Structures are given as structure tokens and as C-alpha cells.
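**Student:** For reference, the structure I am asking about is given below.
The values are calculated or read from the model by the stated rules, or taken from the named source; none is laboratory data. The model shown is predicted, which means the values in this text are computed figures rather than measured ones. Neighbour counts run over all protein chains shown; Cβ positions are idealised from the backbone, glycine included. Just the protein is used for accessible areas: all its heavy atoms, side chains included, with ligands, DNA and RNA removed. Shrake-Rupley method; radii C 1.70, N 1.55, O 1.52, S 1.80 Å.
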Amino acid sequence: MSVNYREEDIKTLDWREHIRLRPGMYIGKLGDGTSPDDGIYVLLKEVIDNSIDEFVMGYGKTIDIELDGPKMRIRDYGRGIPLGKLMDCAAKINTGAKYDSKAFKKSVGLNGVGIKAVNALSSDFQIQAFRENKTNRIEFTGGEVVKQMKRPERCKAESGTEIVYEADASVFGEYSYNPEFVEQMLRNYSYLNRGLTLQFNGKKFVSKNGLLDLLNENMSQKPLYPVIHLLGDDIEIAFAHSDQHGEDYFSFVNGQNTTQGGTHLAAFRESIVKVVRDYAKKAFDAVDIREGIVAAVSLRVIEPVFESQTKTKLGSTHMEPDGQTIRTFVSNFLGQHLDNFLHRNAQTSEKLLAKVALSEKERKEMKGIQKAAREGARAAKVVNKKLRDCRVHYNTKHKLGDETMVFITEGDSASGSITTARNADLQAVFSLRGKPLNTYGKSRKIVYENEEFNLLQHALNIEAGIDNLRYNKVVIATDADVDGMHIRLLLITFFVQFFPDLIRDNHLFILQTPLFRVRNKKKTLYCYSDEERVQAINELKPNPEITRFKGLGEISPGEFKDFINEDIRLDPVELPPQNKTISDLLAFYMGKNTEERQQFIIKNLRVEADIVEGDEGAEKLVEVAA
């Protein structure tokens, strides 16, 4: 049956409607605040970026940020938005000073959308400008004006701009801010803007040494030599090597954290190989030069081109206005400044080259082991029943590749339930045979010599790095008991030591599975915590049936289907926060410091009160947590 296509079917949305209807186009995903790239943090970044641009242009050395429940307040002390243009800047799309390169030479927000997106996606948005002893103020709801000053009024407040907003719960759903994510964002701003003070709920963030501070405070393992810090016009680079595996980068353009890198990061990775080769007068393999490197790269570009409104990857190829390519600019900078540094700092240079030589030696020693392991993996692949693969893979550029995942399970019982319930197009299952080896303190040889780990890395296709990862999400699916937790720790230890990029790029997760099933004759509820269990009991009273799941194998395939598809709950595995190195963390939890760890457990042992099941108290659970 054909459908008529008429003039009245053509609709034009105003800017507010379009942003609210398609928020993902402007701020990426919505989220609930549990991930640092959720939309509520993008809104905050959009507001702060404007204040940062003022600082970069030489106006205002302090930015105040206050969080009170869902309400966020940002006050800068720059020049203040021109009072007569306050409405245009807050509620007129594609309006801003940043189109004029003379006013904002190297700004992040060049498309005049950011602050309007915050306005449109807020249930309460207030903007007030202070300029030359006068002020103007407008209040909005969902981008619509609800109150405004008739004319600018006189005031004694210091010049600048204040924005107070509350993200709209009707758009974002139930959300809450994680102060740690906000603090990390502000920490990054301080590293990139030396001399700027950011105050968040009374806590100050300021950096004297820029990217040098960033690396010294965020390296997950101790550097093998003092961090090399290079500064130039529109470019800043800091890097060092450590004993960790893989490569770790912090990249920025005009103060924006480009988490997906881009042309500037590609130029750095290529250029550092050339400089080290030229200095050493030896054709080292690129992978040996970059093995274990941790680097921070910051570039300032006039009118940068990003691959999306969220600006996570730089697409620009040239430095304007001289037309020089970014690749040439970075190459020339490192060719001069890094080469000079290496010649002037012999001790650091020797340690750097010693690390490269060691990486080369280890790689060559591994060739024989890798060859035998690959042959074993190929032979096992034919008969190995531990991997139940899916049809679509992440590394094939399939349109559904982002939805692919592999569940790493313990034993045949749990893997059987998941295999039966899974989506065979997008979900694979890898079954472990009991507890894997504790890899802490062991060399990379163990990845190949241990059959299970060797098969696992081949199943994920990460032997040569994660560029060809077969599944977007690697999900550890173990029982919520002591043995399951132990297996989870052993697997995380394995990935942290040998494949940290899998964690850095947000591919490793923990599957949450329900602890309880509460049901009556009409309804069944699955609960992931004691709080949810109590709520379910109250909802289904007077006498619901309560089941405590002790292992994944107890959950039927029919029930599992919901838990691993539409209602799946995944907790991302994240690397340690600032000032806690991976090596120290692994040494404490996975090393041989038995007495120290024992004392820690005894000191922090917590016994929860008996939990009464149902109105009659028929069943009691006592949980002990360390």
C-alpha cells in the first residue's frame, strides 16, 4: 500500500525542538552520569569551554564551578558577554564571537551551538553577564524565555559571565553527577592552561607545569626516566616510557580532550619513531620504540575541524593560516626540539634507548613462542568448543559491529545458559576451565605458554594490539560469590598487565546478574541488590516467593535472555585513579604480601545485619563483605 507524500508532511523544527529531539547530534549519548562521557558532563564542558576561551585570550584567571544536587553554576571573570547580545548568544543558533578569528584565535567551540544546546536541554537555565559595571540576565526553560531584565542594570560585580543550569530530567532521565569525573575534567583544564585556577565546591585545581604535571600525576607505572617535556608555539608534548605494555596517550586540541586522537596524535606517533631512529642511527621497529610509551600531546589550531560536535577526534590536516600540514608541523617540532633534548641529556637518552633495545630483544625472543602458540591456536580452533562465536564482528566494519560482545564465563553450566539465551548474531561466549593462572609478576611469555590465555587472546584477536579486536565489548560473566570474584580479579589482572589498551578504550566490562528473584502469581521482579530486593518485596507483598541465585548456572536460559539483551547491566572496568599506579595496586591485591593484605581485610571487615525475607521472616541471610 502506498502512502501519499504531501506538502504538510514536510516539517521544519526550530533550534530548540531539533536539539531536544536529536540530542545525540549535539552532545553524543545521554547517559545517567555513571560514565565520564555522558551528556551531563558534555553540557558542563560546553559552558566551561567558553570561560576557558576568555582565559586563553588573556581575560580572567579564575573560574568558579559549584554543584548543588542537579544544579550547576559556572562563573568566570572574563570580559563578560556584551549585554545587548546576551539573548543571541544564549538562544540564537550559529551565533557567537568565535567566527572572528581575531577575537578567539584558537577556540574549541567554533560552530555557535554549544551553549544553546545546554540551554535547550535544561529545565532551568539562567545566564547573566557583568560588564563595565552593568549587568543583564535572562532565564529559560527548555530554551524558552521565562524571565528577563527589561534593560541592563547597574551593578558593582566584577566583569564576567555566570551560568546556572539544571539538565532536564525529562530528556536525560534519572541522573546524578559523579564529582570524580568533574574533578578529572577540571584537572585536565588546569594542565592545559597554566596559571588558571578552577575552583569546584571549594577545591582548587591549578597547574604550574602543564602536561609535565599531567604525566607525573597520571602515569599508571613509574617512568623509567624523567618525563621529557617540550614546549613550543601552539604545541606542547610530554612523554616517557614505563614497563607497561602497549601505548597510552592523552591528546588535546585547543584544550579539548580528543579521546579518539586524530591527525595530531598520528603525527606524533610517526614523528617520534623517526627522531629516535635518526638519533640512534639504527632502524628500530616502530612498535619497539613506542612499546610502553605514555605521552600527552596538545596542539592549538585556528578553526579546527572535528569529526563530530562532541569533538573527540581531530580531522584537520593543516595548520592555518600558513597552510602547513599538521604532520609536517609536528614532525619539524620534534625533529628540532626532541633531537636537541636527546643530545643534551645523555643519561635520559641512554635509558630511553635501553628501553627500546629491551623491547626489541623481548619481541624477537617471543617469535618462536608466538609461532608455536599460533599453530596450537589454529589447531585448537577446529576442535575447541570453549568459544561459541557470533556471526558479526567488531573489526569487519559491519553496521552492527558496535553491538558485538563476548562473554567470558566460568564452567560449562553458566556458558550453557548464556549460549542458549544469547543473540547468536552479536554475542559470543568463551568458557574458562576453572580458575585461570595469576599472571601478576609474570612475563608476556605466559600469554602464549598458557593454553587458556593464548586461546583467549586469539579469540579476541588482540595479539598485535586492539586495532582488530573482534568484539566491541569483552564482558567478564562470573558468579557473584567468592570464587567468581576471584576469577574476575585474575582476569582483570591479566588484561591490566598485558592488554591495558582494552581497558583504556572502554572495551572491558563486568556483567551484573541478579542476586534475587522475587515473584508472586502475577509478577516477577529480578533484583541486583538488597535495596532492590526490599523494594520488590514491598511491591509484591504480602507473601512473595524469594529466590537467592548463587551462580549463573542456576538461572534458566529463558531468564538469562532478558539479562544479556535489552536489560543488560554492564559495569565498565577502569584503570586506577590519579596517584595510584597499576603496579602498586596489583602488588597489594595480587602479590605475595599475605600478612599485609590479611591485616587490611581484618581491619575493613564489615558484617551486615541479618536480612529478613518477607513479612514472616522465613529466611535470613547474613552477608559478610571485605
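**Student:** Which of the residues belonging to region 289-305 are outside any strand (DSSP E or B) and open to solvent by 10 Å² or more (accessible area, probe 1.4 Å)? Break it down into steps so the answer makes sense when it comes.
**Tutor:** Narrowing region 289-305 to residues outside any strand (DSSP E or B): 289-292, 300-305.
Across region 289-305, the qualifying residues are Arg290, Glu291, Arg300, Ile302, Glu303, Pro304, Val305.
Matching residues to (1) at pLDDT 95 or above; (2) small (Gly, Ala, Ser); (3) in a loop (DSSP other than H, G, I, E, B); (4) on the phi < 0 side of the Ramachandran plot:
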| site | (1), (2), (3), (4) |
| --- | --- |
| Gly80 | no, yes, yes, no |
| Thr95 | no, no, yes, yes |
| Lys98 | no, no, no, yes |
| Phe104 | no, no, yes, yes |
| Leu110 | no, no, yes, yes |
| Asn119 | no, no, no, yes |
| Ser123 | no, yes, no, yes |
| Val146 | no, no, no, yes |
| Tyr175 | no, no, yes, yes |
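**Student:** Now for a different question. Where residues in region 272-288 are open to solvent by 20 Å² or more (accessible area, probe 1.4 Å) and touching a Leu at 6+ places or on another chain (Cβ under 7 Å), which of them is nearest to Leu358 (Cα to Cα)?
**Tutor:** Ala280
**Student:** Considering only region 469-491, how many residues are open to solvent by 40 Å² or more (accessible area, probe 1.4 Å) and either in contact (Cβ under 8 Å) with a residue 24 or more places away in the chain or in contact with a Cys (Cβ under 6 Å, 6 or more places away or on another chain) (or both)?
**Tutor:** 7
**Student:** Among (1) surrounded by 16 or more Cβ atoms within 10 Å (Cβ to Cβ); (2) in contact with a helix residue (DSSP H, G or I) (Cβ under 8 Å, 6 or more places away or on another chain), which single condition is Gln148 missing?
**Tutor:** (1)
**Student:** Sticking with this structure for a sec: Test Gln184 against the stated conditions and say whether it is more than 21 Å from Glu350 (Cα to Cα), modelled with pLDDT under 90, open to solvent by 20 Å² or more (accessible area, probe 1.4 Å) and not in a loop (DSSP other than H, G, I, E, B).
**Tutor:** yes
**Student:** So, one more: What is the residue count in region 454-472 for residues that are among the small types (Gly, Ala, Ser) and modelled with pLDDT of 85 or more?
**Tutor:** Going through region 454-472 one residue at a time, the tally reaches 1.
**Student:** If you check Asp505 against the conditions, is it open to solvent by 50 Å² or more (accessible area, probe 1.4 Å), within 21 Å of Ser220 (Cα to Cα) and under 20 Å from the mean Cα position of the chain (by Cα)?
**Tutor:** Considered against the rule, which asks whether it is open to solvent by 50 Å² or more (accessible area, probe 1.4 Å), within 21 Å of Ser220 (Cα to Cα) and under 20 Å from the mean Cα position of the chain (by Cα), Asp505 comes out as yes.
**Student:** Let me ask something additional. Could you give me the residue pairs with C-beta distances under 6 Å whose first residue belongs to region 443-461 and is of a type outside the set (A, V, I, L, M), whose second residue is part of a loop (DSSP other than H, G, I, E, B) wherever it lies, and which are 6+ apart or on separate chains?
**Tutor:** As it stands, the answer is Asn450/Leu437; Glu452/Pro436; Gln457/Glu463; Asn461/Arg470, since those pairs meet every condition given.
**Student:** Across region 389-413, what is the number of residues that are free of Cβ contacts under 8 Å to residues at least 40 places away in the same chain and assigned to a helix (DSSP H, G or I)?
**Tutor:** 2
**Student:** Would you mention how many residues in region 421-453 are at pLDDT 85 or above and either assigned to a strand (DSSP E or B) or open to solvent by 60 Å² or more (accessible area, probe 1.4 Å) (or both)?
**Tutor:** Within region 421-453, residues that are at pLDDT 85 or above and either assigned to a strand (DSSP E or B) or open to solvent by 60 Å² or more (accessible area, probe 1.4 Å) (or both) number 8.
**Student:** Assuming Ile48 fulfils every condition listed in (1) at pLDDT 90 or above; (2) on the phi < 0 side of the Ramachandran plot; (3) in a loop (DSSP other than H, G, I, E, B) apart from one, which condition is it?
**Tutor:** (3)
**Student:** Would a scan of region 249-271 turn up a residue that is free of Cβ contacts under 8 Å to residues at least 24 places away in the same chain, out of contact with any Ser or Thr (no Cβ under 8 Å at 6 or more places or on another chain) and either under 22 Å from Leu353 (Cα atoms) or open to solvent by 50 Å² or more (accessible area, probe 1.4 Å) (or both)?
**Tutor:** Looking through region 249-271, at least one residue is free of Cβ contacts under 8 Å to residues at least 24 places away in the same chain, out of contact with any Ser or Thr (no Cβ under 8 Å at 6 or more places or on another chain) and either under 22 Å from Leu353 (Cα atoms) or open to solvent by 50 Å² or more (accessible area, probe 1.4 Å) (or both).
**Student:** Which condition breaks for Ile163 when tested against (1) outside any strand (DSSP E or B); (2) surrounded by 20 or more Cβ atoms within 10 Å (Cβ to Cβ); (3) at pLDDT 90 or above?
**Tutor:** (1)
**Student:** Another question, then. From the residues in region 200-214 that are outside any loop (DSSP other than H, G, I, E, B) and not hydrophobic (A, V, I, L, M, F, W, C), which one is most open to solvent (accessible area, probe 1.4 Å)?
**Tutor:** Lys204
**Student:** Is at least one residue of region 179-200 over 16 Å from the mean Cα position of the chain (by Cα) and farther than 19 Å from Asp53 by Cα?
**Tutor:** So far as region 179-200 goes, no, none of its residues is over 16 Å from the mean Cα position of the chain (by Cα) and farther than 19 Å from Asp53 by Cα.
**Student:** Please go through region 536-558 and pick out each residue that is within 19 Å of Ala480 (Cβ to Cβ) and open to solvent by 20 Å² or more (accessible area, probe 1.4 Å).
**Tutor:** Matches in region 536-558: Ile546, Thr547, Arg548, Lys550, Gly553, Glu554, Ser556, Pro557.
**Student:** Pairs under 6 Å by beta carbon, first residue farther than 16 Å from Asp168 by Cα in region 33-47, partner assigned to a loop (DSSP other than H, G, I, E, B) and open to solvent by 30 Å² or more (accessible area, probe 1.4 Å), six or more apart or different chains?
**Tutor:** Here the result reads none, with nothing in region 33-47 linked to a residue that is assigned to a loop (DSSP other than H, G, I, E, B) and open to solvent by 30 Å² or more (accessible area, probe 1.4 Å).
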